[in-house]
Amino acid sequence: MSKKIVITGGAGFIGSHVVRRFVKQYSSYQIFNLDALTYAGNLENLKDIESAPNYTFIKGDITDEKFINELFEEQKFDSVIHLAAESHVDRSIVDPLAFAKTNILGTMVLLNAFKNLWQDNWSGKRFYHVSTDEVYGSLGNTGLFTESTSYDPNSPYSASKASSDHFVRAYGETYGMPYVISNCSNNYGPNHFPEKLIPLFINNIINNKALPVYGDGLFTRDWLYVKDHAVAIDLAFHKGNNSETYNIGGFNEWTNIDLVKLLCGLMDDKLQRPTGTSEKLITYVKDRPGHDLRYAIDASKINRELGWKPSVTFEEGLEKTINWFLENKDWLNNVTSGSYKEYYSNQYDKK
Ligand SMILES: NC(=O)c1ccc[n+]([C@@H]2O[C@H](COP(=O)([O-])OP(=O)(O)OC[C@H]3O[C@@H](n4cnc5c(N)ncnc54)[C@H](O)[C@@H]3O)[C@@H](O)[C@H]2O)c1
């Protein structure tokens, strides 16, 4: 089956793994990567596939209604896999409106362009929306988020993602748009932007810088290796039922402090430093406002219905991640220095 799929946010962390997977697995599909290349977007993530015959990069902003309508009209994409978003909770506390604009309005612009194209015949079409477990709010010490858990977001980021999920559902109900939503737990792995916990701490340990742990370090998250998320999206995109939500998670809960200690031990080994060296860098800092205590995903539906489960343990995934960062110091240096942004804006803004 030949398909013309636009993947939004494909230059970002998770998006780049999804784009690579689709380009490599489905040579008969045409894959378009639509990305505004914000600070989080980096085409270096996709260097290995940038000249593949079934891959096209389009620089563009999903909030630009005229541009998106014209693009959809011209290309007639039969599916959207939507990952473009502002994704960092701390940034959402500083600038919540930017999150409302990209995550809510941007999603609506895409939904509308897709509806305008296909509302008379939805056959073979699909809007796949990538969302987060943070929409469900915070858990106490027990329990898991299932697909029927009520939404209860606490940060501007999670509220904007919750809102976008509601609009996707509403387009399904109101216009009959075929959609699938997946809500995933925290991802980690290669190409992770070093403002997020695991890559930030790997980078800080390499550079002997402090490891700032929020509050008492007992915040608990479920962690999933990013390539396993890309496999889950592939499966749910192809085999998931319309109007369904799938929770995706690693069955892998860690308190922040235990995670940081595990990472410190692995980094000491890799860098051949005496055991305990990296742990000395841990410093406790004032908690983030609205910080959710615990997220934990029940991913049994996607496991039962689509046969998905994570392929690596946390220790294996972390080791692969650390190796990738140590082997790709240029990527890390370029991202932290911002020089890749300069390079790509020279490349793309001139045209
Ligand atoms: N990172 C996680 O742990 C996680 C977990 C669950 C769900 N998600 C969701 O997955 C998606 C991707 O997350 P990520 O961590 O890869 O994010 P990211 O910040 O690494 O990447 C986001 C991408 O979107 C692009 N983008 C931002 N605004 C845009 C706009 N207006 N128009 C076009 N492109 C724009 C950026 O340039 C970047 O390439 C998001 O929707 C996020 O909510 C992330």
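The values are calculated or read from the model by the stated rules, or taken from the named source; none is laboratory data. No experiment lies behind these values; they were computed from the predicted model shown. Positions of Cβ are generated from backbone atoms using ideal geometry, with glycine treated the same way; all protein chains shown enter the neighbour counts. These area figures cover heavy atoms from the full protein model, side chains too; ligands, DNA and RNA do not enter into them. Shrake-Rupley method; radii C 1.70, N 1.55, O 1.52, S 1.80 Å.
Find the residue count for region 162-198, including only residues that are open to solvent by less than 20 Å² (accessible area, probe 1.4 Å), within 16 Å of the ligand (Cβ to nearest atom) and outside any loop (DSSP other than H, G, I, E, B).
13
Based on this model, can you work out whether Leu224 counts as aliphatic (A, V, I, L, M), closer than 26 Å to Val18 by Cβ and assigned to a helix (DSSP H, G or I)?
Spelling it out, it is not the case that Leu224 is aliphatic (A, V, I, L, M), closer than 26 Å to Val18 by Cβ and assigned to a helix (DSSP H, G or I).
Check Leu110 against each of (1) within 14 Å of the ligand (Cβ to nearest atom); (2) farther than 24 Å from His238 by Cα and name the one condition it does not meet.
Here Leu110 clears every test but (2).
Residue check, Lys227 against (1) in contact with a strand residue (DSSP E or B) (Cβ under 6 Å, 6 or more places away or on another chain); (2) under 20 Å from Trp254 (Cβ atoms); (3) at pLDDT 95 or above, all met but one. Which one?
(1)
Tell me the strands (runs of 3 or more DSSP E) entirely within region 19-97 that contain at least 1 residues that are in contact (Cβ under 8 Å) with a residue 40 or more places away in the chain, more than 9 Å from the ligand (Cβ to nearest atom) and within 18 Å of the chain's Cα centre (by Cα).
Of the strands (runs of 3 or more DSSP E) lying wholly inside region 19-97, those with at least 1 residues that are in contact (Cβ under 8 Å) with a residue 40 or more places away in the chain, more than 9 Å from the ligand (Cβ to nearest atom) and within 18 Å of the chain's Cα centre (by Cα) span 30-35, 79-82.
Cβ-Cβ below 7 Å, separation at least six or inter-chain, first residue in region 150-174 and more than 17 Å from Gly106 (Cβ to Cβ), second at pLDDT 95 or above and hydrophobic (A, V, I, L, M, F, W, C): which pairs?
Tyr151/Val135; Tyr151/Ala162; Pro153/Val135; Pro153/Ala159; Pro153/Ala162
Need pairs with beta-carbon distance below 9 Å; first residue under 14 Å from Cys184 (Cα atoms) and of a type in the set (Ser, Thr, Tyr) and within region 227-245, second open to solvent by less than 60 Å² (accessible area, probe 1.4 Å) and within 13 Å of the ligand (Cβ to nearest atom); sequence gap 6+ or separate chains.
Every condition considered, the pairs that remain are Thr245/Ser131; Thr245/Asp165; Thr245/Ile181; Thr245/Ser182; Thr245/Asn183.
Looking only at region 274-281, decide whether some residue is modelled with pLDDT of 95 or more, in contact with a Cys (Cβ under 7 Å, 6 or more places away or on another chain) and crowded, with 17+ Cβ neighbours inside 10 Å. Talk me through it step by step, then tell me what you get.
Here is the first cut: in region 274-281, the residues modelled with pLDDT of 95 or more are 274-281.
In the following step, the residues that additionally are in contact with a Cys (Cβ under 7 Å, 6 or more places away or on another chain) were identified as 278-279.
This time we only want the ones that are crowded, with 17+ Cβ neighbours inside 10 Å, so: 278.
Yes, the conditions are met somewhere in region 274-281.
Criterion first (among the aromatic types (Phe, Trp, Tyr), over 30 Å from Ser2 (Cβ atoms) and open to solvent by 40 Å² or more (accessible area, probe 1.4 Å)) does Tyr136 satisfy it?
no
Here is a yes/no grid of residues against (1) out of contact with any Lys or Arg (no Cβ under 7 Å at 6 or more places or on another chain); (2) open to solvent by less than 40 Å² (accessible area, probe 1.4 Å); (3) among the hydroxyl-bearing types (Ser, Thr, Tyr):
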site: His82; (1), (2), (3): yes, yes, no
site: Ser87; (1), (2), (3): yes, no, yes
site: Ser92; (1), (2), (3): yes, yes, yes
site: Ala98; (1), (2), (3): yes, yes, no
site: Leu111; (1), (2), (3): yes, yes, no
site: Asn116; (1), (2), (3): yes, no, no
site: Gln119; (1), (2), (3): yes, no, no
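Which ones in region 98-130 are more than 22 Å from Phe57 (Cα to Cα) and outside any helix (DSSP H, G or I)?
Gln119, Asp120, Asn121, Trp122, Ser123, Gly124
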